[in-house]
Amino acid sequence: MSKQNNPLRDPKNRSAATQMVHGGNNRTEFHETSEALFLNSGYSYPSSEHAELLFQNKIPGGHNYSRFANPTVDVFQERMALIEGAEAGRAFASGMAAVTNAVMSQVRAGDHIVAAQALFGGCRYVVEDYAPRFGVSSTLVDGRDPENFARAMQPNTRLVFVETPTNPTLELVDIKAVAEIAHAHGARLIVDNVFATALYQKPLELGADLVTYSATKHIDGQGRVLGGVVLGSRELIEGDIHTFLRQTGATLSAFNAWVLLKGLETYALRIERMTDSAEKVAAALASHPKVERVIYPHDPNHPQCDLARRQMSRGSTLLAIDVKGGQEGAFALSDNLAVILISNNLGDARSLITHPRTTTHARLTEEVRLETGVTPGLLRLSIGLEDPDDLIADLMYGLDQV
Ligand SMILES: *Cc1c(COP(=O)(O)O)cnc(C)c1O
């Protein structure tokens, strides 16, 4: 017996919680415990021939410029791939850079995209406004019924893009059903998995081709840096995604990659605790007379609870509530909170509340907002790491002022 034969030497034999601490680590000659931070833009080569081979991609894992290869960013990409169960990943400067790359690297003029209409604001802009400027048309559908995707598919549909649960009303898209529809038409499926988190939903196992994250959210989860990541097969990631990143340059900085690696060390702990608290808060608000409805994916009253339980192992860290008294009621609640902060960010250690109608969804018309459930009384809550009893007491006080 020797250490060489220990099966846990192979990262594939380690569980996700172990990956979050060790995944992708590549120690230097100094054998540092924590990941080294490589704050360098370029690399020098031992010989001209070495440089030549490197530029011909003949030296695996070689580095020639930090726009597309940096050792600290490599560790982050590898760790995310191991957690997700993906063959490979690429990191980006923000979640929107990741989504824009994933979408635009898959289409060309004349192609068509089908997307769910309930999307994060920036994602909706990319599909609805940005792509059409380059001759890529799009159709937005109500994502709750997979049949709507089937009906919207055209011979030139190359891509289906969804987010599930959606922001801010936590509607679900049946990933497996939509993946089958996309593939039957020769299209690829991208899933923005921010709200569910890598802990509770595995889009690649359900048939998605690419998964995107805003690492700004639960992965950092402490309000420090922006970041994004795209995960999928080696073929797609090292092909289209890598080329687009390399040539257009929305690169994650090594410093931010290092901060995100620190975030991943406590990722599971934070999300599990925040989810426990989200369940408690949802239950406490459910019967409150000032609350019209509570929306939480694993709640039996959620209209898609069966799907939520099938496709997500837990309901995650976000919930939405519709407060009686419309916008006035929603503002009265938010403005009387002492612990929960008013902020449009999410997945943070601090609990955050936002009024989508007047902030993240203000750009949309009232008609579109109401179509996607963004009513005047709707508030989205991102539950953090505070004592859940304090969060409940804070919300109860706020609701008394409505
Ligand atoms: C925040 C978010 C994004 C964009 O990420 P940034 O890091 O802010 O650029 C995309 N999709 C979803 C679902 C998000 O919550």
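Throughout, read-outs are computed from the coordinates displayed, never taken from laboratory work. Note that the coordinates shown come from a computational prediction; the quantities given were computed from them, not determined experimentally. Backbone-built Cβ (ideal geometry, glycine too); neighbour counts: all protein chains shown.
Laid out as a table, the results:
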read-out	value
Residue exposure sequence - Leu170, Leu285, Leu381 - by fewest surrounding Cβ within 10 Å	Leu285, Leu170, Leu381
Net +/- balance of residues flanking Gln247 in space, Cβ distance below 13 Å, scoring K and R +1, D and E -1	+2
Proxy reagent accessibility, fewest Cβ within 10 Å first, across Arg224, Arg133, Arg357	Arg133, Arg224, Arg357
Tensor-based shape of segment 3-265 (alpha-carbon gyration tensor, a/c under 1.5 rounded, otherwise prolate or oblate)	prolate
Distance in nm between pseudo-label sites at Arg151 and Leu39 (7 Å out along the Cβ direction from Cα)	5.6 nm
Extension gain (nm, one decimal) between Asn5 and Arg67, 0.36 nm per residue minus Cα-Cα	18.6 nm
Shape of segment 262-348, Cα gyration tensor, a/c cut at 1.5	oblate
Point-to-point label distance, Glu235-Thr365, nm (Cα→Cβ direction, 7 Å offset)	4.2 nm
Cβ-placed point charges (K, R +1; D, E -1), dipole of the chain about Cα centre in debye, nearest 20	620 debye
Percent RCO, i.e. relative contact order, over the chain, from Cα pairs under 8 Å lying at least 6 residues apart	15 percent
Potential lengthening between Asn13 and Phe30 on full extension [0.36 nm per residue; Cα-Cα distance subtracted]	3.5 nm
Options Gly227, Phe55, Ser2, ranked by Cα towards positive dipole end of the chain, top entry (Cβ charges)	Phe55
Fewest-first sequence of Cys305, Cys123 by Cβ atoms within 10 Å of each Cβ	Cys305, Cys123
29 Å Cα-Cα threshold exceeded, pairs from Lys280/Lys324; Lys12/Lys176; Lys176/Lys324; Lys12/Lys217; Lys262/Lys324; Lys58/Lys262	Lys176/Lys324; Lys262/Lys324; Lys58/Lys262
Two-site label geometry, Glu87 and Lys324: point separation in nm, points 7 Å out along Cα→Cβ	5.6 nm
Segment 41-106 and segment 320-352: distance between their alpha carbon centers, rounded to Å	39 Å
Within segment 24-113, GluC sites (Glu not before Pro) in DSSP loop having at most 13 other beta-carbon neighbours inside 10 Å	Glu29, Glu32
Estimated vicinal HN-Hα couplings, Hz - segment 159-170 in sequence order (Karplus 6.51, -1.76, 1.60; Gly, Pro = x)	8, 10, 10, 9, 10, 7, x, 8, 9, x, 9, 6
